[in-house]
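Take a look at the structure below.
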Amino acid sequence: MEAFLKILTLILISSVKFAFGPSFAYLNEKYDFTWLETNVYAIMGGMIGVTIFMHVSDWLIHMYEKVRDYIFKRKRRRNTMFSPPVADTPALLEIHYQYVESMVPQKKIFSARTRRMVRIWKKYGLMGLAALTPVIFSIPIGTFFMTRLEKNKKKIIFYMFISITCWSLIITTFFQLSHVRTLHEIIK
């Protein structure tokens with residue numbers, strides 16, 4: 001049961017913030033995974049995270065568009081140039097008026113991270129964003145942006161699998177070599 005919890009922890013950490021998964025396994029002395037086990041569990045966790053967040057981001061995008069449309073329609077009715085009509089007369093009165101939309105365009109708010117992702121997307125495309133997502137951005141944020149910018153989900157999964165595999169091999173090899181070097185220094 002304890003081994004299962006260790007594996008599950010590594011998978012869950014890798015599914016959200018990938019670079020922390022293999023690092024956590026090597027830096028925590030309770031985790032005695034081999035190089036291969038660390039890679040397999042980290043890659044598995046990363047791909048589970050990509051798959052889950054890809055489907056969750058589709059749902060979030062859909063809900064965001066519904067809420068945005070609802071708020072936009074309500075705002076359009078509220079932010080008008082005319083006040084609600086008032087008539088103080090005993091006779092029936094028919095009033096016709098037309099709403100005027102605001103001429104000032106809504107300013108989009110971008111964070112530094114969003115601007116960086118858009119620059120990477122424009123310069124390198126899906127491959128560049130997929131390559132940097134596991135280590136610089138987190139898997140949920142990178143997957144969300146990729147699903148917004150690329151509609152082919154198989155392509156996203158393929159590039160993310162290659163990226164996650166490469167980063168896992170690099171991180172675990174780095175920790176394996178640095179761990180072996182420190183053991184050699186301790187022995188001498």
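Flag not set for residue 103, criterion: hydrophobic (A, V, I, L, M, F, W, C), within 26 Å of residue 166 (Cα to Cα) and at pLDDT below 80. Of all the listed residues (25, 19, 42), the sole one being touching a Pro at 6+ places or on another chain (Cβ under 7 Å), at pLDDT below 90 and within 20 Å of residue 173 (Cβ to Cβ) is 19. So for region 124-140 (the condition being surrounded by 14 or more Cβ atoms within 10 Å (Cβ to Cβ), at pLDDT 85 or above and in contact with a Pro (Cβ under 8 Å, 6 or more places away or on another chain)), does at least one residue qualify? No. Return the residue satisfying two criteria in turn: it lies in region 14-32 and is closer than 22 Å to residue 177 by Cα and among the aliphatic types (A, V, I, L, M), and of such residues it is surrounded by the fewest Cβ atoms within 10 Å (Cβ to Cβ). By that ranking, first place goes to 27.
For region 1-15, taking the residues that are under 18 Å from the mean Cα position of the chain (by Cα) and not aliphatic (A, V, I, L, M), the one that is farthest from residue 169 (Cα to Cα) is identified as 15. Considering every residue within region 45-52, establish whether at least one is surrounded by fewer than 16 Cβ atoms within 10 Å (Cβ to Cβ) and not in a helix (DSSP H, G or I). No: region 45-52 contains no residue that is surrounded by fewer than 16 Cβ atoms within 10 Å (Cβ to Cβ) and not in a helix (DSSP H, G or I).
Kindly provide the set of residues from region 16-38 that are under 22 Å from the mean Cα position of the chain (by Cα) and assigned to a helix (DSSP H, G or I), ordered by number. Answer for region 16-38, where residues must be under 22 Å from the mean Cα position of the chain (by Cα) and assigned to a helix (DSSP H, G or I): 16, 20, 21, 22, 23, 24.
The values are calculated or read from the model by the stated rules, or taken from the named source; none is laboratory data. Here the structure is a predicted model, which means the values were calculated and not measured. Cβ coordinates were reconstructed from backbone atoms using ideal geometry, including for glycine residues, and neighbour counts include every protein chain displayed.
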